[in-house]
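Report on the following structure.
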Amino acid sequence: MDPYFPPELEREIFETSAVLYPETIPSLLLVAHRVLTWIEPFLYRVISVIGHEEPAFLPALRTKPAGFLRKAVRHVFADMRVSTHMSDLGQVLDIALDVESLTVFPATSEYLLERLKPLHLKRLAILLEPVFHSDDLTVTAVEFTLPMFASITHLDLFDGISDSAYFEHWTELAALPALTHLALSTLCDVLRGAKHVLGNSKTIKILVSMDPSDPEDDAPVIPERVVNDDRFVFMALSTAQYQEDWHVGARGGVDFWARAERFVEKKRRKEIEPRSRHWILPEDGI
């Protein structure tokens with residue numbers, strides 16, 4: 001197929017189509033060899049390792065050059081709750097060193113931590129306790145001073161941390177240089193996080209509570225200074241909702257972080273009533 005447009009414009013058209021309509025990628029690969037060269041990396045842009053399923057990307061790990069996958073893979077979702085494919089995830093992280101966002105449900109500690117250390121992630125969603133177990137299964141403190149945390153802008157923590165022995169460094173969390181978005185899983189964590197992170201971080205823009213309880217029921221126990229902070233948003237998601245939401249965001253759609261940002265913007269424009277409400281309602285149009 002001969003090109004109708006200048007190569008730069010043609011490439012932009014095909015790449016935009018691949019991003020907006022990923023389901024069309026297999027068909028786009030058949031258009032012409034030059035299009036295959038442009039678009040094939042988008043086939044591996046978002047990778048999922050889910051429970052007992054055979055990961056679809058494994059043949060590519062065996063046949064594609066490491067440099068190709070390093071540049072191609074940008075988002076990885078790993079759900080290890082059913083049965084473990086840690087070796088598959090390990091293979092991905094050993095190659096995809098340019099990955100930008102990573103979500104991992106329960107995983108063994110030393111195996112995953114060593115593979116996280118070389119990465120320069122922008123987004124990380126994880127259970128901290130399994131990652132920071134030592135080799136003898138005792139619990140060590142989270143080390144937010146590790147270089148792997150320095151580039152993270154969005155951090156979602158799935159485990160309850162406020163009363164845990166391994167979580168001693170709220171000040172280190174608040175000092176992360178790139179962190180703008182933090183999501184915590186329990187109300188207790190949110191209250192502690194609000195005190196340390198909202199109060200001390202120079203970069204934080206949004207603190208999300210993922211606590212599954214009713215926000216109206218919890219409202220009386222939330223300090224006024226937190227309620228009145230525009231950056232605080234209540235947004236509970238079930239595991240299934242979170243997984244679906246993650247894939248939407250990874251493919252450029254509106255995820256819960258984008259909705260939280262819109263809510264904060266509306267609060268600052270005084271479009272949310274009452275002013276103390278920190279959860280999204282259908283009438284907000286978000």
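The values are calculated or read from the model by the stated rules, or taken from the named source; none is laboratory data. Note that the structure is predicted; figures quoted are calculated from it, not measured. Cβ coordinates were reconstructed from backbone atoms using ideal geometry, including for glycine residues, and neighbour counts include every protein chain displayed.
Listed by first and then second residue, the pairs with beta-carbon distance under 6 Å, at least 6 apart or on different chains, first residue in the range 132-157 and closer than 29 Å to Asp245 by Cα and outside the structural domain of Phe256 (by TED's automatic domain parsing), second modelled with pLDDT of 85 or more and of a type in the set (A, V, I, L, M, F, W, C), form an empty list. Somewhere in the range 157-165, is a residue surrounded by 20 or more Cβ atoms within 10 Å (Cβ to Cβ), touching an Asp or Glu at 6+ places or on another chain (Cβ under 7 Å) and at pLDDT below 90? Yes: one or more hits. Of the residues in the range 245-258, not one is farther than 30 Å from Phe42 by Cα and free of Cβ contacts under 8 Å to residues at least 60 places away in the same chain. Comparison of Ser151, Ser109, Ser134 shows that the only residue that is of a type outside the set (Asp, Glu) and modelled with pLDDT of 90 or more is Ser151. Against the numbered list (1) in contact with a Leu (Cβ under 6 Å, 6 or more places away or on another chain); (2) at pLDDT 85 or above, Val49 comes up short only at (2). For the residues Ile13, Ile25, the requirement of being under 26 Å from Thr103 (Cα atoms) and modelled with pLDDT of 85 or more singles out Ile25. When Ala60 is evaluated against the numbered criteria (1) modelled with pLDDT under 80; (2) assigned to a helix (DSSP H, G or I); (3) under 21 Å from Phe158 (Cβ atoms); (4) of a type in the set (A, V, I, L, M), which criterion, by number, is the only one it fails? Failed condition: (3).
Quick grid of which residues meet (1) in a helix (DSSP H, G or I); (2) at pLDDT below 90; (3) touching an Asp or Glu at 6+ places or on another chain (Cβ under 9 Å); (4) surrounded by 11 or more Cβ atoms within 10 Å (Cβ to Cβ):
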{"site": "Ser213", "(1), (2), (3), (4)": "no, yes, no, yes"}
{"site": "Pro220", "(1), (2), (3), (4)": "yes, yes, no, no"}
{"site": "Val226", "(1), (2), (3), (4)": "yes, yes, no, yes"}
{"site": "Trp246", "(1), (2), (3), (4)": "yes, no, yes, yes"}
{"site": "Glu261", "(1), (2), (3), (4)": "yes, no, no, yes"}
{"site": "Glu265", "(1), (2), (3), (4)": "yes, no, yes, yes"}
{"site": "Lys270", "(1), (2), (3), (4)": "no, no, no, no"}
{"site": "Arg275", "(1), (2), (3), (4)": "no, yes, no, yes"}
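Summed over the range 228-244, the residues that are polar (S, T, N, Q), within 17 Å of the chain's Cα centre (by Cα) and in a loop (DSSP other than H, G, I, E, B) give a count of 1. In the range 178-211, of all residues being of a type in the set (Ser, Thr, Tyr) and under 19 Å from Asp255 (Cβ atoms), the one that is modelled with the highest pLDDT corresponds to Thr180.
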